Structure formats: structure tokens, C-alpha cells
Amino acid sequence: MGREPVTIRVLLVDDQPLLRKGFRLILEAEPDLEVVGEAPDGQAALAAAERLRPDVVLMDIRMPVLDGVAATRRLAGPGVASPVKVLILTTFDLDEYVVEALRAGASGFLLKDVPPEDLVAAIRVIAAGDALLAPSVTRRLLDRFAARLPAAAPPPSPALESLTERELQVLRSIARGSSNAEIAEELFLGETTVKTHVSRVLMKLDLRDRVQAVVLAYEAGLVRPGDDSSEAPT
């Protein structure tokens with residue numbers, strides 16, 4: 001007998017009941033997705049997430065009482081003992097709040113008018129532990145709102161100092177939006193070796209995915225807006 005498919009538990013958070021209803025109809029049509037609850041604002045989302053322990057929170061970014069960024073930070077941010085995966089919903093892709101949500105621990109974002117099949121696919125990707133956003137999209141956001149990032153690089157953290165020179169090169173390449181195949185070409189490495197380096201970077205820096213790696217690299221000053229991907233390996 002084959003294994004029963006794992007059901008992904010989803011919490012819907014949006015201040016518009018009609019949108020929540022629409023999302024529920026889309027998700028509950030899928031055999032592996034279950035909407036376990038709804039919340040109209042970030043504060044209610046925190047209580048619902050603690051009670052229901054969803055696998056993914058579908059989070060509106062602009063809401064009353066407590067907005068999606070603040071709620072994301074408390075659900076998935078640094079230091080959270082049992083972080084929940086958060087998928088941000090927004091009306092505008094180049095939105096400064098999206099950047100803040102990614103920095104707060106969100107695994108990715110989607111526009112609210114996304115096709116249903118893309119919404120379903122995104123939830124499955126995030127539930128599996130992968131980053132939804134391509135690093136190049138994350139970089140575009142950070143370039144667009146670079147003024148909100150630190151003006152000067154802070155002192156290297158002990159975690160960054162634990163990286164080897166090769167791992168730092170890989171981190172910089174991730175932050176410039178390179179895929180594993182592109183990093184392999186840039187650094188004259190095998191793709192399997194690159195995957196190992198990426199895994200070690202994420203583990204050493206205690207990062208959940210490549211999106212968080214891009215944000216950290218920008219905040220640490222390892223890359224700056226306008227950096228291109230032509231840096232030669234050393």
C-alpha cells in the first residue's frame with residue numbers, strides 16, 4: 001500500500017472576508033491542502049497560529065490591529081522557538097512592506113491576483129521547506145529599497161566569520177541572484193559541490209532558505225545595490 005499524502009494545514013489571514021472565502025474555496029479543492037482557520041488581522045493570527053499550529057500562514061501584509069510584517073516577525077522571525085512558515089500576500093510586488101516581511105522571516109510573497117494554480121503551488125513549495133522567491137526577485141526588491149538597509153556594513157558577526165572563503169563566495173553569488181548552476185560556472189565547481197556549500201552556509205548562519213541568505217548578505221554589506229555577477233572567483 002502507498003503512503004497517504006501529507007495534508008498541508010493552512011491558516012488564512014486577511015481583513016477582507018470575501019478574499020478569505022475565495023482563498024478557502026481554491027485551497028479546499030486540493031486533496032492535500034486543509035484550511036484550518038481564518039483570522040482578520042495580525043493579532044488574531046498570532047492566537048490562531050498558536051492554537052492551530054498550521055504548516056503555512058497565508059498572510060495579508062496590510063491589516064488593522066497588527067499588520068502582516070509585525071505578525072510575521074512574531075511567527076517566523078529571529079529567535080522564535082517554533083517558527084511557522086509565512087507566505088505574504090500583497091497588492092504590489094515592489095512594495096517596501098514586502099522587503100520588511102522578508103527580513104522579518106517570510107518565506108516569500110505573492111500578488112493577490114495570482115492564478116489559483118500558482119497559489120497552490122507556492123503553498124506546497126513553502127510547506128516543503130523551500131524558498132518561494134527566486135534569489136533574483138529578492139535582489140530586485142532589495143535593490144529597489146536599498147535606502148531602508150543599513151548605510152554602512154556592521155561588524156562581521158561570529159556566524160559570518162565561521163564561513164570559509166569559498167562559502168563566502170557562494171553566499172555572495174546567492175545574494176547576486178545566481179542559481180546553483182550559475183554558481184558552479186562562476187566558481188568552476190561541480191553543481192553537487194555547490195549544493196553542499198549552500199547547505200553549509202544556511203546551516204552555519206542558521207538561515208531557513210536562500211531568501212534569508214540574500215537579505216543577510218545585503219544587511220552585512222557583503223553585496224550592495226548595483227553589484228553585478230561578474231566577480232571572478234579567487
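Throughout, read-outs are computed from the coordinates displayed, never taken from laboratory work. All figures in this text were calculated on a predicted structure; none of them were measured in a lab. Using ideal geometry, Cβ is built from the backbone for each residue, glycine included, and neighbour counts are taken over all protein chains shown.
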Practice item. Rounded to whole Å and ordered largest first, report the semi-axes of the equivalent ellipsoid of the stretch 1-60 derived from its Cα gyration tensor (root of 5λ). Key: 23, 14, 6
Review point. Which cross-chain or sequence-distant (5 or more) residues have an amide H under 5 Å from the amide H of LEU110, H modelled 1.01 Å from N in plane?
Key: ILE88, LEU89, THR90
**Study point:** Separation of the GLU191 and ASP113 label points, Cα + 7 Å toward Cβ, nm
**Key:** 3.5 nm
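Placing +1 at every Lys and Arg Cβ and -1 at every Asp and Glu Cβ, with all other atoms neutral, what dipole size does the stretch 8-132 have around its Cα centre, in debye to the nearest 20? Mind dumping the intermediate values first?
Working: 13 positive and 20 negative charges, 86 e Å.
The calculated dipole for the stretch 8-132 is roughly 420 debye.
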Revision key, fill the gap. Whole-percent tail of the Cα-Cα distance distribution for the stretch 8-132, cut at 24 Å, equals 13 percent
Study note, to complete from the structure: Note to self: C-alpha centroids of the stretch 164-205 and the stretch 41-98 sit apart, in Å, by 29 Å
Practice item. Obtain the nm distance between the two label points defined at LEU168 and ALA81 by a simple spin-label model: each point lies 7 Å from its Cα along the Cα-to-C-beta direction. Key: 3.7 nm
